[in-house]
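Written out below as structure tokens is the structure these notes cover.
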């Protein structure tokens, strides 16, 4: 057996889900692992299998605290195990482990039950949080670059900014979950779970309504900024490479704002974007 064959067999064995008691599956073929005077082949393989699964589960546990609060501990862990069994890590970094969770949850609504829509919004926000934290930053367009905006003017959106159209106030939920977790040192696990349950219950019982959010970072901290529907459409159009005249028409299509109100809104938005460094030179690919 070649080294490559051994590596492939070991990878298949390790990626196989653990049993309900966190042990390696009884029928796992471990004959390619040499036993020693203390451990059998299966026992030696189990050490690696459990190490892998506990590490990836811990990583997702840390990355999606809001989803954990929405679903509860048991349901959350069932979801993670099912997700990882179908979507194992493909990257050298655990940072990308949850990149396919939204698509997977769309296809597997049974793992979220009656809170499927709320869970999806939470996953979208928490994955956007990860991307906003460490995605690239491009050269910033400053106020001097925005003095005269002709109809053909184009600007890009910083790669770390994520624009979300949501139905539930999961931004408030995530902030409260983090705050409650920070207070864990003076509260029991039972009290923390009770807080999470109360927060989730309040959000899930609220009437769904359109919420537009820009997830961005500033000074190495991620922020959630609620924005108007028109601002969301304008930023989306600029991100997609549209010139400013078309982007503005798209933003205010079906808007009830008067021309004067639109002008005031645009001035305010561009001033904020310049201050936060949101705009960058457009991608050449999107201009073509």
Listing 100, 31 by rising number of other beta-carbon atoms within 10 angstrom, fewest first, gives 31, 100
Region 1-99: relative contact order from alpha carbon pairs under 8 Å, six or more residues apart, as a whole percent, is 24
For residue 50 and residue 218, extending 7 Å from Cα along the Cα-Cβ vector and measuring point to point gives, in nm, a value of 4.7
Out of 151, 208, 65, a Gaussian network model of the chain with alpha-carbon springs under 10 Å gives the largest mean-square fluctuation to 151
For region 1-132, the Cα gyration tensor yields equivalent-ellipsoid semi-axes (√(5λ), largest first, whole Å) of 32, 15, 12
So the FRET efficiency between residue 74 and residue 137, C-beta based with R0 = 51 Å and rounded to 0.05, is 0.80
With -39,500 (n - 2.57) per DSSP H segment of 4 or more residues and division by the full residue count of the chain, the 222 nm estimate, nearest 500 deg cm²/dmol, is -17000 deg cm²/dmol
Rounded to the nearest 10 degrees, the helix 116-134 long axis (Cα) sits at an angle to the longest Cα principal axis of the chain of 80
Listing 92, 270 by rising number of other beta-carbon atoms within 10 angstrom, fewest first, gives 92, 270
Tilt, helix 41-63 to longest principal axis of the chain (alpha-carbon atoms), in degrees rounded to tens, equals 20
Whole-Å distance linking the alpha carbon centroid of region 124-156 with that of region 44-105 is 31
Taking Cα atoms only, helix 170-182 is inclined relative to the longest principal axis of the chain by an angle, in degrees rounded to 10, of 50
Dividing the mean separation of Cα pairs under 8 Å (6+ apart) by the residue count of the chain yields a relative contact order in percent of 18
Quick note on 223, 160, 168, ordering by fewest other C-beta atoms within 10 Å, gives 223, 160, 168
Most fluctuating of 216, 77, 129 in the GNM of the chain (C-alpha, under 10 Å) is 77
Per the rule of 0.36 nm per residue minus the C-alpha distance, extending residue 8 to residue 27 adds in nm 5.1 nm
Heads up, region 2-52 by the C-alpha gyration tensor (a ≥ b ≥ c square roots of eigenvalues; a/c under 1.5 rounded, else a/b over b/c prolate, else oblate) looks oblate
Which of [x] 66, 44, 35; [y] 81, 48, 34; [z] 60, 48, 37 gives Cα extents along the principal axes in Å as computed here? It is [y]
Note on region 83-177: C-alpha Rg/Rh, Kirkwood Rh, two decimals, gives 1.09
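Readers should treat all values here as calculations from the given coordinates under stated rules, not as data from a laboratory. Nothing here was measured: the structure is a model prediction, and the numbers come from that model. Note that we place each Cβ from the backbone using ideal geometry, even for glycine, and neighbour counts take in every protein chain shown.
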